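**Q** My questions all concern the structure below.
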Amino acid sequence: MNDRIPDAADAPESAGVPPHRTPVSTMGQLFEVWSESKGRAIEVAPRTWQITAGVVNCAVIETDEGLVLVDTGMRHDGPELLRLIRTVTRAPLHTVVYTHAHIDHAFGHGPLLAEAARRGDPRPRIVAHRATMDRFRRYIRTAAFNTTLNARQSGGSRTWWPSQDSDVIWPDTLYDDALTLRIGGEELRLHHARAETDDATWVWMPGRRLVCVGDLWNGVCPNAGNPQKVQRYAEEWADAFEWIAALDAQVLIPGHSMPIVGAQVVRERLGHAAELLRHIVEHTLAGLNAGLRPDAILDTLRVPAHLEHLPYLRPLHDRPEFIAANVIRLYGGWWNGYAADLLPAPRERLAAALAELAGGADVLAERARAVLADDPQLACHLAELAALAEPGSRCAQQAAADAFGVRLDAEPSFMGRGIYRTAADAARVALAALDAADGGVR
């Protein structure tokens, strides 16, 4: 399907969310909006398409020397990516650019390379920032961990993860700060940014006023926190936003969601996102300099009112508190400020001691249930301690399932929902096991 984006004044995508929709308030609704681009080759400029075979957008740019492909999707998206590309162009693949090494961005071009070999075309060049090499190597070393982590984050099945060198299509051209490619008489300027990852690349084509930014832009609160992933870089991400905003790009192809069309819209979106990140960084540094503990810094964080309700900064993937926590980690390490937690007792021992003082795990669990409606944060602490103190307590497991279920229902962010869902599901599994042990009689 080849869809032509209209001019900026008419493009529904230029408003961030199609105007016929009610503004989304959950990640599920956001995925529905994102899915509008799936299975489509959207022509955003002459001989320039945003193609989405799976969950990731790939930029396909036809030049007089061949195609430039910016990002490639997941490994299992490869056949569909090839099919969609061939619905709009038969030009050979010349160059592949990884915007970063995430598995949903850098593993889907195997069928394209195989096609090039069958056609007798030269092997396409693969370009990436130098740090992608270390990221790929780290992924291989932590394959089992990342498979489990991502299943918990998404709430789905275990995701394939590279576990050996042959699983990776390694780049053959690396750069450090910037690189200019000249292909078919046109310039592509690659720039490095530390943002969601330390290996991020964004691509600027001044002749087409086109910028391809990968996961620098996803149409929601920037993913600069993420409790389960490695360090992110909020302040440098803001730098990148401001640099890109100053380019006067007419079209922005993001890593996910619909393209943004119109120079004014691009500038506005990126400017607001940069402002949000800088506010979070400054709040966090002020708290650190004032001697506040991390939990107090997070608890006092407020998003400015003029940014809070912007549809393209909604905390549906990440959230500001997680970003602040990542800033704390960058500037102040991992210690949470409480001396007892520096070398803590295993949480099960603490839970058992507190349950004994309270009069038993069931007492903690009942207290969790009593405060759940008014203070779900506290309820989760109490229920979790009760279940750790006495895993065989049906009362404790039910309290944990209820408390984390309430948090799940109220949590807007994809990252937070995955963790709360896992906790609630674990308690429900424990309850089922207790029922089975009792012969199904409660």
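**Q** Taking region 105-145 on its own, how many of its residues are among the hydrophobic types (A, V, I, L, M, F, W, C) and not in a helix (DSSP H, G or I)? Lay out the reasoning, then the answer.
**A** To start, the set of residues in region 105-145 that are among the hydrophobic types (A, V, I, L, M, F, W, C) comprises 106-107, 112-114, 116-117, 126-128, 131, 133, 136, 140, 143-145.
From the residues that got through so far, the ones that are not in a helix (DSSP H, G or I) too are 106-107, 126-128.
Of the residues in region 105-145, 5 are among the hydrophobic types (A, V, I, L, M, F, W, C) and not in a helix (DSSP H, G or I).
**Q** Looking for something assigned to a loop (DSSP other than H, G, I, E, B), touching a residue at least 24 places away in the same chain (Cβ under 8 Å) and either out of contact with any strand residue (DSSP E or B) (no Cβ under 7 Å at 6 or more places or on another chain) or charged (D, E, K, R) (or both) - is there at least one such residue anywhere in region 262-283? Before the answer, list the steps.
**A** The initial filter retains those residues of region 262-283 that are assigned to a loop (DSSP other than H, G, I, E, B), namely 262.
Subset that is touching a residue at least 24 places away in the same chain (Cβ under 8 Å): 262.
Pick out the ones that are also either out of contact with any strand residue (DSSP E or B) (no Cβ under 7 Å at 6 or more places or on another chain) or charged (D, E, K, R) (or both) and you get 262.
Yes, because at least one residue in region 262-283 is assigned to a loop (DSSP other than H, G, I, E, B), touching a residue at least 24 places away in the same chain (Cβ under 8 Å) and either out of contact with any strand residue (DSSP E or B) (no Cβ under 7 Å at 6 or more places or on another chain) or charged (D, E, K, R) (or both).
**Q** Moving on to the next point. Residues in region 291-306: is at least one in contact (Cβ under 8 Å) with a residue 40 or more places away in the chain, closer than 21 Å to Ala195 by Cα and within 22 Å of the chain's Cα centre (by Cα)?
**A** No, region 291-306 contains no residue that is in contact (Cβ under 8 Å) with a residue 40 or more places away in the chain, closer than 21 Å to Ala195 by Cα and within 22 Å of the chain's Cα centre (by Cα).
**Q** Can you tell me which residue is farthest from the chain's Cα centre (by Cα) among those in region 327-346 that are of a type in the set (Phe, Trp, Tyr) and closer than 20 Å to Val230 by Cα? Write out each step before concluding.
**A** Keep residues of region 327-346 that are of a type in the set (Phe, Trp, Tyr), which gives 331, 334-335, 338.
Among the residues that remain, those that are also closer than 20 Å to Val230 by Cα are: 331, 334-335.
Numbers: Tyr331: 22, Trp334: 21, Trp335: 25 Å.
Here the answer is Trp335.
**Q** Restricting to region 76-99, what's the tally of residues that are outside any helix (DSSP H, G or I) and over 14 Å from Ala59 (Cα atoms)? Break it down stepwise before answering.
**A** Step one: filter region 76-99 for residues outside any helix (DSSP H, G or I), giving 86-99.
From the residues that got through so far, the ones that are over 14 Å from Ala59 (Cα atoms) too are 87, 90-92.
Number of matching residues: 4.
**Q** Also, I was wondering about something else. Just need a number here: residues in region 198-218 that are under 18 Å from Leu174 (Cβ atoms) and not in a loop (DSSP other than H, G, I, E, B). Break it down into steps so the answer makes sense when it comes.
**A** Step one: list which residues in region 198-218 are under 18 Å from Leu174 (Cβ atoms), which gives 198-203, 214.
Pick out the ones that are also not in a loop (DSSP other than H, G, I, E, B) and you get 200-203, 214.
Qualifying residue count for the region: 5.
**Q** Which one of these does Thr180 not meet: (1) of a type in the set (Val, Ile, Thr); (2) loosely packed, with under 14 Cβ neighbours inside 10 Å; (3) farther than 19 Å from Ala59 by Cα?
**A** Checking Thr180 against (1) of a type in the set (Val, Ile, Thr); (2) loosely packed, with under 14 Cβ neighbours inside 10 Å; (3) farther than 19 Å from Ala59 by Cα, the one that fails is (3).
**Q** Given the criteria crowded, with 16+ Cβ neighbours inside 10 Å, among the charged types (D, E, K, R) and out of contact with any Asp or Glu (no Cβ under 8 Å at 6 or more places or on another chain), does Asp167 qualify?
**A** On the way: crowded, with 16+ Cβ neighbours inside 10 Å: yes; among the charged types (D, E, K, R): yes; out of contact with any Asp or Glu (no Cβ under 8 Å at 6 or more places or on another chain): yes.
Here the answer is yes, as Asp167 does meet what is asked.
**Q** While we're here: Taking the criterion of being of a type in the set (A, V, I, L, M) and surrounded by fewer than 16 Cβ atoms within 10 Å (Cβ to Cβ), would at least one residue in region 262-281 satisfy it?
**A** If we filter region 262-281 for residues that are of a type in the set (A, V, I, L, M), which is where we start, we get 263, 265-266, 270, 273-274, 276-277, 280-281.
Now narrow it down to the ones that are surrounded by fewer than 16 Cβ atoms within 10 Å (Cβ to Cβ): none.
For region 262-281, residues of a type in the set (A, V, I, L, M) and surrounded by fewer than 16 Cβ atoms within 10 Å (Cβ to Cβ): absent.
**Q** Here is a further query. Take Leu69 and tell me if it is part of a helix (DSSP H, G or I), in the same structural domain as Asn150 (by TED's automatic domain parsing) and in contact (Cβ under 8 Å) with a residue 12 or more places away in the chain. Spell out the reasoning first.
**A** Numbers: part of a helix (DSSP H, G or I): no; in the same structural domain as Asn150 (by TED's automatic domain parsing): yes; in contact (Cβ under 8 Å) with a residue 12 or more places away in the chain: yes.
The answer is no for Leu69.
**Q** Going by what's in this entry, would Leu307 be described as in contact with a helix residue (DSSP H, G or I) (Cβ under 7 Å, 6 or more places away or on another chain) and either over 23 Å from Glu411 (Cα atoms) or among the hydroxyl-bearing types (Ser, Thr, Tyr) (or both)?
**A** Details: in contact with a helix residue (DSSP H, G or I) (Cβ under 7 Å, 6 or more places away or on another chain): yes; either over 23 Å from Glu411 (Cα atoms) or among the hydroxyl-bearing types (Ser, Thr, Tyr) (or both): no.
No: the conditions fail for Leu307.
**Q** Tell me yes or no: at least one residue of region 398-408 is among the charged types (D, E, K, R) and touching a Pro at 6+ places or on another chain (Cβ under 8 Å). Reasoning before the result, please.
**A** Looking only at region 398-408, we keep the residues that are among the charged types (D, E, K, R), and these are 402, 407.
This time we only want the ones that are touching a Pro at 6+ places or on another chain (Cβ under 8 Å), so: 407.
Yes, region 398-408 contains at least one residue that is among the charged types (D, E, K, R) and touching a Pro at 6+ places or on another chain (Cβ under 8 Å).
**Q** Please list, ordered by first then second residue, the pairs with beta carbon atoms under 6 Å, 6 or more apart or interchain, first in region 410-424 and within 14 Å of Cys221 (Cβ to Cβ), second among the aromatic types (Phe, Trp, Tyr).
**A** Going by the 6 Å Cβ cut-off, the qualifying pairs are Glu411/Tyr420.
**Q** Might you let me know whether region 142-159 holds any residue that is of a type in the set (A, V, I, L, M, F, W, C) and surrounded by 19 or more Cβ atoms within 10 Å (Cβ to Cβ)? Spell out the reasoning first.
**A** Step one: filter region 142-159 for residues of a type in the set (A, V, I, L, M, F, W, C), giving 143-145, 149, 151.
Then keep just the ones that are surrounded by 19 or more Cβ atoms within 10 Å (Cβ to Cβ); that gives none.
No.
**Q** Something else: Just name the residue that is nearest to the chain's Cα centre (by Cα) out of those in region 69-93 that are closer than 20 Å to His256 by Cβ and aliphatic (A, V, I, L, M).
**A** Taking region 69-93 and keeping what is closer than 20 Å to His256 by Cβ, we get 69-78, 80-81, 84-85.
With aliphatic (A, V, I, L, M) added as a condition, the list becomes 69-70, 74, 81, 84-85.
Working: Leu69: 21, Val70: 18, Met74: 14, Leu81: 21, Leu84: 25, Ile85: 25 Å.
Restricting to residues being closer than 20 Å to His256 by Cβ and aliphatic (A, V, I, L, M), the top hit is Met74.
**Q** Given the condition under 22 Å from Ala432 (Cβ atoms) and either of a type in the set (Gly, Ala, Ser) or part of a helix (DSSP H, G or I) (or both), answer yes or no: does some residue in region 334-349 qualify?
**A** yes
**Q** Could you list all residues from region 148-184 that are farther than 25 Å from Arg123 by Cα and assigned to a helix (DSSP H, G or I)?
**A** Within region 148-184, Thr148, Leu149, Asn150, Ala151, Arg152, Gln153, Ser154 meet the criteria.
**Q** Considering every residue within region 31-47, establish whether at least one is acidic (Asp, Glu), within 25 Å of Leu270 (Cβ to Cβ), buried (at least 23 other Cβ atoms within 10 Å of the Cβ) and modelled with pLDDT of 60 or more.
**A** Within region 31-47, the subset acidic (Asp, Glu) is 32, 36, 43.
Imposing the further condition that a residue be within 25 Å of Leu270 (Cβ to Cβ) reduces the set to 32, 36, 43.
Filter once more, so that each one left must be buried (at least 23 other Cβ atoms within 10 Å of the Cβ): none.
Checked against the condition, which is being acidic (Asp, Glu), within 25 Å of Leu270 (Cβ to Cβ), buried (at least 23 other Cβ atoms within 10 Å of the Cβ) and modelled with pLDDT of 60 or more, region 31-47 yields no hits at all.
**Q** Give region 221-257 a look and list any residue that's at pLDDT below 95 and touching a Pro at 6+ places or on another chain (Cβ under 8 Å), or say none.
**A** Passing the criteria: none in range.
The values are calculated or read from the model by the stated rules, or taken from the named source; none is laboratory data. All of these numbers come straight from a predicted model, not from anything done at the bench. When we count neighbours, we look across all protein chains shown, and the Cβ atoms used for this are built from the backbone with ideal geometry, even at glycine.
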